Amino acid sequence: MTTETTTTTGRRKEATARVRMRPGTGTITINGRALDNYFTSATHRQMLTQPLRDTNTEVLYDVDATIDGGGVAGQAGALRHGIARALVEVNEELRGTLKKAGLLTRDSRKKESKKYGLKKARKAPQYSKR
């Protein structure tokens, strides 16, 4: 375990999370706010702490993150991606565990763009025969 601060970036949809991880007591701060205050949904909190739980490092590191863009689910996914990358940077032996769980792969799915003549990406105006 190193005593240095690690900085990584995680992305999901339109959200970008800059994650700074350092040895500590397991405190997670997002945009200057506590984890429970920023993500009110237990599902999102559980999702973003998954890399820490899978590697049994929940109480070893403090996470300080800055998140921009996207919605709540996208931000939680971006933070999860950033935390997983930071753990690999700190300890290369955790790479296999995180890779097997699919946490190091960036989810490249994005919103499909709207097409002209349609109301949304695929939704067409109602067809009228007469």
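Readers should treat all values here as calculations from the given coordinates under stated rules, not as data from a laboratory. Values in this document were obtained by computation on a predicted structure and should not be read as measured data. Because the Cβ atoms are built from the backbone with ideal geometry, glycine has one as well, and the counts that use them run over all protein chains shown.
The alpha-carbon atoms of the range 3-57 define a convex hull whose volume equals 104 cubic angstrom per residue. Summing +1 for each Lys or Arg and -1 for each Asp or Glu among the other residues whose beta-carbon sits under 15 angstrom from that of GLY24 gives -2. Counting only alpha carbon atoms, the long axis of helix 72-90 and the longest principal axis of the chain meet at about 30°. What are the lysines whose alpha-carbon lies under 27 Å from the alpha-carbon of LYS120, with same-chain residues fewer than 8 places away excluded? Correct list for LYS120: LYS13, LYS110, LYS111, LYS129. Looking at the chain alone, DSSP beta bridges between its own residues are antiparallel in about 85 percent of cases. Calculated FRET efficiency, SER41 to ASP107, Cβ-Cβ distance, R0 = 22 Å: about 0.75 to the nearest 0.05. Given springs between every Cα pair under 10 Å in a Gaussian network model of the chain, which of ARG80, ARG33, ARG11 has the largest fluctuation? Checking each option, the largest mean-square fluctuation is seen for ARG33.
Between LEU60, LEU104, LEU79, the GNM of the chain built on Cα springs shorter than 10 angstrom shows LEU60 fluctuating the most.
Exposed loop sites were defined as chymotrypsin sites (Phe, Trp or Tyr not before Pro) in DSSP loop states (anything but H, G, I, E or B) carrying at most 11 other C-beta atoms within 10 Å; in the chain the longest segment without such a site runs 1-115.
Note on the chain: GNM, Cα springs under 10 Å; of ALA78, ALA101, ALA15, the largest mean-square fluctuation is that of ALA101. Note on the chain: percent of Cα-Cα distances in each 10 Å bin, starting at 0 and stopping at the bin with the largest distance, equals 13, 41, 25, 10, 8, 3, 1, 0.
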